[in-house]
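K.L.:
Encoded as structure tokens, here's the structure I'll be asking about.
The values are calculated or read from the model by the stated rules, or taken from the named source; none is laboratory data. Small disclaimer: the values here were computed from a predicted structure and weren't measured. Please note: Cβ atoms are built from the backbone with ideal geometry, for glycine as well, and neighbour counts cover all protein chains shown. For accessibility, only protein heavy atoms count, side chains too; no ligands or nucleic acids. Shrake-Rupley method; radii C 1.70, N 1.55, O 1.52, S 1.80 Å.
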Amino acid sequence: MKLSLPSSLSIKDGHLFCGGADCVRLAEEFGTPLYVTDEVHIVENFRRYQAALQQYTDKVQLLYAAKANENPVIMQTLAAEGAGADVFSLGEMRAALEAGMPAEKLLFNGSSKTEADLRAAIENGIRISVDSVDELRQIDAISRELKKQVKIGFRCNPEIDVPTHPKIATGIKNSKFGIPADMILDAYREALAMEYVVPVGMHCHIGSQILEVEPFGIACGVIMQVAAEITKLGVKLEFVDFGGGLGIPYHRGENADAAPTPEEYAAAVMPVFVEACKENGISPAFWVEPGRWMVGESTVLLTRVNSVKKVHKTFVNVDAGFNLLIRPAMYDSWHEVVVANKADAEDAGVYTVTGPICETGDILADDRKLPEVVAGDLIAVLDAGAYGYAMSSQYNSRPRCAEVLVNAGQAELMRRAETFEDMTRTVVIPSWHRK
Ligand SMILES: *Cc1c(COP(=O)(O)O)cnc(C)c1O
């Protein structure tokens with residue numbers, strides 16, 4: 001099957017290359033399973049996304065959605081480009097700050113924050129996207145106790161149809177996230193009356209892996225209408241954050257996904273934003289939180305074939321499973337697979353690539369046309385940079401694998417593989433188990 005590869009990948013002398021490095025050699029040098037990331041691809045993506053938005057306004061800030069891939073090295077790469085971050089936990093907040101992202105470029109999101117979460121955000125001068133009035137009142141109490149100002153925005157649910165998997169649609173009516181647009185004015189009124197809480201923004205995020213740009217334009221229209229109304233209440237808007245969600249083309253063969261570009265995204269959203277700003281005499285910065293689009297295509301997961309079994313279908317048993325890439329099992333996601341050491345060979349059969357986990361659902365790729373596969377071959381699972389390693393686990397007591405960063409052919413570890421000792425380091429033996 002001829003796949004249209006992302007620019008991070010190429011094929012030379014029958015081998016798959018990522019970021020200019022030979023995947024076959026990387027697998028030999030670092031072992032498998034192995035995540036391999038092309039750093040240049042991430043940098044190019046960041047610059048392209050930013051430039052597309054800056055065609056319409058200078059006041060643009062990209063906040064990388066840290067949850068997509070929180071490897072500190074990748075966070076550093078993006079920080080150096082000027083990225084801020086959408087952070088969802090104290091861990092992500094700390095990762096972003098340690099990567100060198102300034103506090104004023106961070107937004108602390110989430111629908112269920114603890115007192116400690118809120119306190120840390122306020123102490124670090126990080127803006128909070130407030131998900132409920134209950135949360136607002138807790139922020140008020142902490143900020144008065146600390147006598148410290150805190151800038152906030154509310155997460156607004158625009159309640160629109162979002163064409164994606166229901167588990168990753170977040171701006172629909174029955175979503176757990178945000179405050180519905182028709183209830184949000186009272187929340188801003190209450191915030192305006194608070195001593196240390198300063199409402200300066202608004203936030204929305206309609207969902208993930210969205211392959212049409214129209215919903216983003218519609219959401220922008222709803223949000224900017226609310227922006228006009230809260231401006232009348234007296235809110236001085238510094239930013240409006242439109243979240244992430246731009247999808248990538250996971251299907252790369254027959255019936256390939258037609259994924260929109262950042263330029264198409266900008267063309268659908270920015271005129272709505274710019275026009276509404278002009279109409280209402282406001283000039284908030286345009287914030288956006290791409291995660292998947294920034295890192296998804298940059299990375300392959302390399303996995304070795306342990307055995308091939310011909311029964312009712314032909315199974316290719318590899319050494320990576322949903323412990324390392326859960327998306328197919330969790331969201332029925334499609335990832336293309338390439339036999340990395342036979343990357344330009346003709347297809348010879350239909351194979352199902354299955355992991356080593358003790359679960360029937362541990363299937364990485366079902367019924368794929370591939371060149372003849374034998375034990376010892378190397379499979380590359382494409383587009384594994386977002387929600388891949390970040391969602392990995394140690395299920396079945398399997399240490400997580402290493403991650404390699406490639407830049408123009410140079411390849412080094414950016415995370416070593418875990419050991420058995422790493423997995424048991426937090427275990428504590430109760431007294432009655434001790435001799
Ligand atoms: C997950 C998430 C993002 C990133 O979504 P992508 O689809 O990866 O771009 C951005 N903002 C918020 C609030 C999120 O929850």
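K.L.:
Arrange the residues Ile160, Ile218, Ile363 by how much accessible surface each exposes, largest first, with a 1.4 angstrom probe.
P.N.:
Ranking Ile160, Ile218, Ile363 by accessible area, largest first, yields Ile218, Ile363, Ile160.
K.L.:
Counting each DSSP H run of 4 or more residues in the chain as -39500 (n - 2.57), what helix-only mean residue ellipticity at 222 nm follows after dividing by all residues, to the nearest 500 deg cm²/dmol?
P.N.:
Details: 12 runs with 128 residues, N = 435.
After summing the helix terms and dividing by the residues of the chain, the value is -9000 deg cm²/dmol.
K.L.:
Related question: Find which of Gly153, Phe216, Asn45 sits farthest along the positive direction of the dipole of the chain, computed with +1 on the beta-carbon of Lys and Arg, -1 on that of Asp and Glu, about the Cα centre.
P.N.:
Checking the options against the dipole of the chain, the answer is Gly153.
K.L.:
Mind putting a number on the dipole of the range 63-191 about its Cα centre? Charges go on the C-beta only, +1 for Lys and Arg and -1 for Asp and Glu, and I need it in Debye to the nearest 20. Kindly include the intermediate steps, with their values, before the conclusion.
P.N.:
Numbers: 16 positive and 19 negative charges, 25 e Å.
Rounded to the nearest 20 debye, it is 120 debye.
K.L.:
Sticking with this structure for a sec: Calculate, for Arg416 and Arg137, the FRET efficiency according to 1/(1 + (r/R0)^6) with r their C-beta to C-beta distance and R0 56 Å; round to the nearest 0.05. Present the calculation step by step, with values, prior to reporting the outcome.
P.N.:
On the way: r = 45 Å, r/R0 = 0.80.
After rounding to 0.05, the efficiency reads 0.80.
K.L.:
Need one word for the chain: rounded, prolate or oblate. Basis is the Cα gyration tensor (sqrt eigenvalues a ≥ b ≥ c); a/c below 1.5 gives rounded, then a/b vs b/c decides. Could you put the intermediate results ahead of the total?
P.N.:
Values: a/c = 2.14, a/b = 1.59, b/c = 1.34.
Since a/c reaches 1.5 and a/b is larger than b/c, the shape of the chain is classed as prolate.
K.L.:
Now a separate question. At a Förster radius of 35 Å, what calculated FRET efficiency corresponds to the Cβ-Cβ distance of Ser393 and Val350, to the nearest 0.05? Mind dumping the intermediate values first?
P.N.:
Details: r = 29 Å, r/R0 = 0.84.
Efficiency at R0 = 35 Å is approximately 0.75.
K.L.:
Oh, and also: So, with +1 on the Cβ of K and R and -1 on the Cβ of D and E, and no other charges, what is the size of the charge dipole of the range 1-142 about its Cα centre, to the nearest 20 debye?
P.N.:
Numbers: 13 positive and 21 negative charges, 72 e Å.
Dipole magnitude for the range 1-142 comes out near 340 debye.
K.L.:
Filter the chain for me: DSSP H helices, axial length by Cα at least 27 angstrom, mean Kyte-Doolittle hydropathy not below -1.0. List them by residue number. Don't skip to the end; give the middle numbers.
P.N.:
Values: long enough: 214-233 (29 Å, 1.04).
Within the chain the helices that satisfy the rule are 214-233.
K.L.:
Right, another one. Evaluate the distance, in nm, between pseudo-label points positioned 7 Å from the Cα of Arg144 and of Glu123 along their respective Cα→Cβ axes.
P.N.:
Between Arg144 and Glu123, the label points sit 2.1 nm apart.
K.L.:
Oh, and also: Kirkwood-based Rg over Rh for the range 65-149 (C-alpha set), two decimals?
P.N.:
0.99
K.L.:
Specify whether the C-alpha gyration tensor of the range 362-415 places it in the rounded, prolate or oblate class, a ≥ b ≥ c being the square roots of the eigenvalues: rounded for a/c under 1.5, otherwise prolate if a/b is larger than b/c and oblate if not. Each step should come with its number before you reach the end.
P.N.:
Numbers: a/c = 1.81, a/b = 1.20, b/c = 1.50.
Oblate shape, in that a/c is at least 1.5 and b/c is the bigger or equal ratio.
K.L.:
So which lysines can Lys309 reach, going by Cα to Cα under 24 Å and dropping same-chain residues fewer than 8 places off?
P.N.:
Lys342, Lys369
K.L.:
Would you work out which of Pro102, Gln410, Ser89 lies farthest towards the positive end of the dipole of the chain? Charges go on Cβ: Lys and Arg +1, Asp and Glu -1.
P.N.:
Ser89
K.L.:
Something else: Treating only the Cβ atoms of Lys and Arg (+1) and Asp and Glu (-1) as charged, compute the dipole magnitude of the range 278-413 about its Cα centre; round to the nearest 20 debye. Walk me through the numbers on the way to the answer.
P.N.:
Values: 12 positive and 18 negative charges, 60 e Å.
Taking the Cα centre of the range 278-413 as origin, the dipole is about 280 debye.
K.L.:
Oh, and also: As an exercise, identify the GluC sites (Glu not before Pro) in the range 1-104 lying in DSSP coil whose Cβ has no more than 10 other Cβ atoms within 10 Å.
P.N.:
On the way: sites: Glu28, Glu29, Glu39, Glu44, Glu70, Glu81, Glu92, Glu98, Glu104; in loops: Glu70.
Within the range 1-104, no GluC sites (Glu not before Pro) qualify (loop, at most 10 other Cβ atoms within 10 Å).
K.L.:
Answer with one residue from Ile326, Pro284, Ala266: the one whose Cα lies farthest towards the positive end of the charge dipole of the range 227-328, charges on Cβ with Lys, Arg +1 and Asp, Glu -1.
P.N.:
Farthest along the dipole direction, towards plus: Ile326.
K.L.:
Label Arg47 and Glu104 with points 7 Å out from Cα along Cα→Cβ: what is the distance between them in nm?
P.N.:
Going by the 7 Å Cα→Cβ label model, 2.6 nm.
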